[in-house]
1. If each Cα of the protein assembly as shown is one equal point scatterer, what is log10 of I(q)/I(0) from the Debye formula at q = 0.13, 0.14 Å⁻¹?
2. Filter the GluC sites (Glu not before Pro) in region B:8-91 down to the DSSP loop ones having no more than 10 other Cβ atoms within 10 Å, then list what survives.
3. Above 28 Å lies some portion of the pair distances; for region A:141-294, what is it as a whole percent of all C-alpha pairs?
4. Shape verdict for region B:49-89, please, from the Cα gyration tensor: rounded (a/c under 1.5), prolate (a/b greater than b/c) or oblate.
5. Which net charge results when you count Lys and Arg as +1 and Asp and Glu as -1 among the other residues whose beta-carbon is under 12 Å from that of B:S51?
6. May I ask for the net charge around A:S213, where only other residues with Cβ less than 11 Å from the Cβ of A:S213 are counted and Lys, Arg are +1 while Asp, Glu are -1?
7. Add -39500 (n - 2.57) for each DSSP H run of 4 or more in chain A, then divide by its residues: what number comes out at 222 nm, to the nearest 500 deg cm²/dmol?
8. Taking 0.36 nm per residue of sequence separation and subtracting the Cα-Cα distance, how much length would be gained by fully extending the chain between B:K93 and B:K22, in nm to one decimal?
Amino acid sequence: METLELTQEEQFQARIDADMRIEPKDWMPDAYRKTLIRQISQHAHSELVGMLPEGNWITRAPSLKRKSILLSKVQDEAGHGLYLYSAAETLGASRDQMLADLHSGKAKYSSIFNYPTLSWADMGTVGWLVDGAAILNQVPLCRTSYGPYARAMVRVCKEESFHQRQGFEIMQTLCEGAPEQKAMAQEALNRWWWPTLMMFGPKDADSPNTEQSMKWRIKRFTNDELRQKFVDMMVPQAEFLGLTVPDPNLKWNEAKNGYDFGEVDWEEFWNVVKGNGMCNKDRLGARVKAHEEGAWVREAALAHAAKRKQRAEQEAVQQVA
Amino acid sequence: MTQHEWPLWEVFIRSKQGLDHKHVGSLHAADAAMAIQNARDVYTRRMEGISIWVVESKHVHASNPDDAAAFFDPANDKVYRHPTFYEVPDSIKHM
């Protein structure tokens, strides 16, 4: 009789199929590790860069309440970046290397942050639409196969729903306000709708890694599935606000119990991914500047810590003597 | 990788009086005092904790997952350590 000996990789896949979590020191295929480091660090970079378009409005928020809320939200994004970097580090990636890859342009971040935030209504739209899309992407990742990633996502998701609600509240306030305010909300939606649909990534047919990622359960729905869900979720909310979704092909389809909608401009999508969006250079420039200008703080903190340690050791020696 | 990277710390949080500290994640900091302050900002922005422990990650020693089966094997065949192993007559109460 032939013995059924599973290879390491088959055992690994069997654990994933049984919905068991993989933990940092467990054996894993190199490709799984590499794909995860890329995915988690990209996600972390997105949180970090995502602070920039909103940071732009902290000093311009229309009231102290809105300013406090926006500050908290931006602080949360920093926190989300940190949860995710620390999850990636459990896979052996170094923080310095991940940041270097972001700053050199080698690593990507979500293209949505390469669009400008032109009016206060953009703060509403970013929270309501962009964070709404992010939540759809992120909720399934709370059950992703890699333990530290899943745990980080649980934290992120808990905090993200405040982001979406505060965005919706901004939109609702504008839509119930003066005609000019409502027009501002509509104008923001017109600019953000399509870029937000792009956040789910290329069409399934053009997403060759999806199949492997689904098998590893580091992705749990396809790009097109999530995009459809998003449209179905958001159209009624836009209707509630009295806003028009800028898509002439948007139509309820009773048969599929969902909306039919127009085609995303994929040329624009790839153009922004390649670095030619409206704000790519600004965003990366601001990030690199902050990093470089903070270098002396990082070095001073290390020097201070070393000095304090040395002093404590000297005092200990003196006490013994 | 450069030597400028701040050391990595593991963060443990007691969510309320009477509960254990629980591992929540890690962060970088120059020293323990900064690690505790950063942990407050990263992991307790919504009153998730009332006490924080930080341990430099290099000081954590762990069992080897590859040996887990053999390592934890001794407890595997001792069902009699669980109360459900024993059959208690129906008429016996409070046991």
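The numbers here are math on the coordinates, done by the rules we state, and not lab data. These numbers were taken from a predicted model, which means no experiment stands behind them. Here Cβ is always computed from backbone atoms with ideal geometry, including for glycine, and neighbour counts include all displayed protein chains.
1. -1.23, -1.37
2. B:E87
3. Of the Cα pairs, 37 percent sit more than 28 Å apart.
4. oblate
5. Net of charged neighbours comes to +2.
6. Within the 11 Å Cβ shell, the charges total +4.
7. Helices in chain A give a 222 nm mean residue ellipticity of -21000 deg cm²/dmol.
8. Using 0.36 nm per residue and subtracting the Cα-Cα distance, I get 21.9 nm.
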